[in-house]
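See structure below.
Where a number appears in this text, it was derived from the coordinates with a stated rule and is not lab data. A quick note: this is a predicted structure, and the numbers were derived from the prediction, not measured. For neighbour counting, all protein chains shown are included, and Cβ atoms are generated from backbone atoms with ideal geometry for every residue, glycine included.
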Amino acid sequence: MKCRLLLLNLNVVKSLLKKIAYVLAILFTWQCAYILGGCSDLIFPTPVQVARFLWHACADGTLISAIWMTIKRLILGYSVSVLIGIPVGMLCSRFYILNAFVGKLVLGLQTLPSICWVPLTLLWFGQTDRAILFVVTMGSLWSLIASTESSVRQIPSLYIKAARTMGSRGIDLWVTVIFPAALPFIITGMKQSWAFAWRSLMSAEIYVSTIHGLSVGQLLHYGREMQAMDQVVGIIFVIIAIGFIAEKVIFANLERTLHKRWGFVKSAS
């Protein structure tokens, strides 16, 4: 047992060292590219300049408050799309008439870039948070409906037949059989839909300015306006980091846990 724990700890340390070495290699390459390229700081900032901006932005609270504002909008807009998208997707998988109507609509709107919703929302809601939340919802809703509909269709018909044989009907069939059976695949669709929501939010925050405080997208926009490339690159790294953390900490662990529990992958013995 102690040997296994020691081996596990060694593997964790090795993995951590590999990631640190990878980051250091990127920073070294970045610095070398700056030196060899002879570019101006206005075009290509150094890692030190970007780190200095991030440090000062965190120290004065600007970046922290901006991240908090962005995360709140993301959670609210994405929650609306989940509350609408999953039930509609499940109903579309079971009722042909609804699927014939909504399915074609979803197929068309899913291909529409989220930035296209911005002019419409500005005319409807103006420079308000509602405009941003609408773009986030529209950017992620259609993908979630399509993925949920596909997830329910992947359920083996044997499950439903067995449940009906045992007397499960109506809401009980949906709650106790269909939804649990499709849940691992729905989570995968939610992960993809979250990525669309995150991209939609950045598009909305860049073009929609509100009076409720700075956001990550607005900091990126203001960096471009002030030609502050250290701010632009720094905010890009923040956007990537938030997306990476949400993917690895939330969705990857949740997806792995559900797939193990449902028996789709073998858990480590």
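Would you be so kind as to identify which of Val135, Gly243, Tyr96 lies farthest towards the positive end of the dipole of the chain, taking Lys and Arg as +1 and Asp and Glu as -1 on Cβ and the Cα centre as origin?
Tyr96
Using only Cα atoms, find the angle between the long axis of helix 252-261 and the longest principal axis of the chain, and express it within 0 to 90 degrees, rounded to the nearest 10.
30 degrees
Could you tell me how many degrees, from 0 to 90 and to the nearest 10, lie between the Cα long axis of helix 129-153 and the main elongation axis, the longest principal axis, of the Cα atoms of the chain?
40 degrees
To test your reading of the geometry: what angle, between 0 and 90 degrees and rounded to tens, separates the Cα axis of helix 216-225 from the longest principal axis of the chain?
Tilt relative to the chain: about 40 degrees.
If you bin the C-alpha pair distances of region 45-261 every 10 Å from 0, what whole percents do you get?
In whole percents, the pair-distance histogram is 8, 28, 29, 20, 10, 4, 1.
Points 7 angstrom from Cα along the Cβ direction at Trp124 and Lys14: gap in nanometres?
In this crude spin-label approximation the distance works out to 5.3 nm.
Can you tell me what the convex hull of the Cα atoms of region 23-153 projects to on average, as an area in nm²? Spell out each step's value before the answer.
Working: hull surface 48.6 nm².
Quarter of the Cα hull surface area: 12.1 nm².
Can you give the local net charge around Ala163? Use residues other than it whose beta-carbon is closer than 14 angstrom to its beta-carbon, Lys and Arg +1, Asp and Glu -1.
Details: positive: Arg94, Lys161, Arg164, Arg169; negative: Asp172.
Result for the neighbourhood of Ala163: +3.
What's the local net charge at Leu219, with K and R +1, D and E -1, over the other residues with C-beta under 13 Å away? Present the calculation step by step, with values, prior to reporting the outcome.
Working: positive: Arg224; negative: Asp60, Glu205, Glu225, Asp230.
Surrounding charge for Leu219 is -3.
Lysine pairs in the chain 8 or more apart or on different chains: how many have alpha carbons under 29 angstrom apart?
29
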